[in-house]
Every structure is written in C-alpha cells, then in structure tokens.
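The structure appears below as structure tokens.
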Amino acid sequence: MKNFDKGQRRGRGPELEKGGGMDTPDLHGELGITLIETLLAIGVGSLLVIAAVSFYMETVGGGRTSQANQQVQGIVSGVHGLYASQSSYSTLTSDALQKGGVFPSDMLDRTTSPAGVFNPWRGTVAVAPAAGGSQFTIALTQVPQDACVSMLSTATSYGSGLVSVSAGSVVIPNLKR
C-alpha cells in the first residue's frame, strides 16, 4: 500500500489541496490568462483597429479632396485658355470642354456618349455659363461636407473669377474680391 501525505488523497496528484471540505486546484504558478485580461486585450485591439480605419479614411478623403481641387483648378485654367479670345462664356458647354481637352482623363467616364464627367466621389461635374455669359459655373455633386469646406478654403487660388459658392439650396454670394 502506498503512503500519502496529509494534503493528498488517493488517485489525485499533489496539485490539489484540501480546502473547505472539497478538493480545489492550486492555481499558484499556473500559466494562462483570465477573462478580464482577454477582454482587455480585445478592447485594446479594437481601439487600434478603429484608429487605423479612421486614419485610412482621413487619408483617402484628403486625397480625394486634393484631387478635386486639382481638377477644378484644371477646369478653370482650361476654360480661361479655351475662351481667352472670346468676349463671353455664353457658348460654354461641357461637351465643348470635352472636345477642347479641358477635363482631365480621370474625370471622364467614356462608357456614355458624350462621356460623363465625374468628381472623385463619383458625383457629376457640370460647367455652364452664368451671369449673361460673363462668368461660368462649375457644379460638383456628392461632395462630402468636410471636403466642400476644405475646397472652399483653397478656392481663392482658382483665380479672381470666384463669385459665389452654393451647397444644396444655400448660396454664399459675393466672394469676388
């Protein structure tokens, strides 16, 4: 017959201690993680993922805003160049601008005839005469609010021809210096 120490029972190893009338495992020195540690790790991981997605979205949004600014500047320069010898913009159409090569190729959807003109958010772009032909408008749809504000803040670099900005039904007039 085998001899047992005071804290052991037959068929059980030394990892069990007698406590309160039941055998309970001795967890001292055991490796592993608790539920709280697991939840904490999941929470920290989730925060890192949220931060990465947020950074990515800001980067993509900023890139689109920059691209739209460049496109609008290109349109303004192209219209001024194409109509420099004319007294007004009264004959200005998007089709004439396409034929004149004013729109950058990344704005054109050639699956339609004439090609559709789109901004980086896949909204439409329309250019038309305004104020009796002495001015012209560039209308972009589906531009997010933050991008619109950013574009407006850099609009002074488009030249002195900027007269007003509209967003939906709100028009901000008299921007001309």
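Please treat every number below as a calculation from the coordinates, not as lab data. Everything numeric here is computed off the predicted structure, so don't read it as measured data. Because the Cβ atoms are built from the backbone with ideal geometry, glycine has one as well, and the counts that use them run over all protein chains shown.
Points 7 angstrom from Cα along the Cβ direction at SER87 and ASP109: gap in nanometres?
3.9 nm
Taking H placed 1.01 Å from N in the peptide plane, check which residues at least 5 places from PHE136 or on another chain put their amide H under 5 Å from its amide H.
The list, which skips near neighbours in sequence, is ALA130.
State the extension gain, in nm to one decimal, for the chain segment bounded by VAL44 and LEU31, taking 0.36 nm per residue of separation less the distance between their alpha-carbons.
Taking VAL44 through LEU31 to full extension adds about 2.5 nm, to one decimal.
Spelling out what I want: for every residue of the stretch 125-138, take phi, set θ = phi - 60°, compute 6.51 cos²θ - 1.76 cosθ + 1.60 (Karplus), and round to whole Hz; glycine and proline get x.
Ordered by residue, 3J(HN,Hα) equals 10, 10, 10, 8, x, 9, 6, x, x, 7, 9, 9, 10, 10 Hz.
Report the full-extension gain for the segment ALA131 to SER66: residue separation times 0.36 nm, less the Cα-Cα distance, to one decimal in nm.
Length gained between ALA131 and SER66: 20.6 nm.
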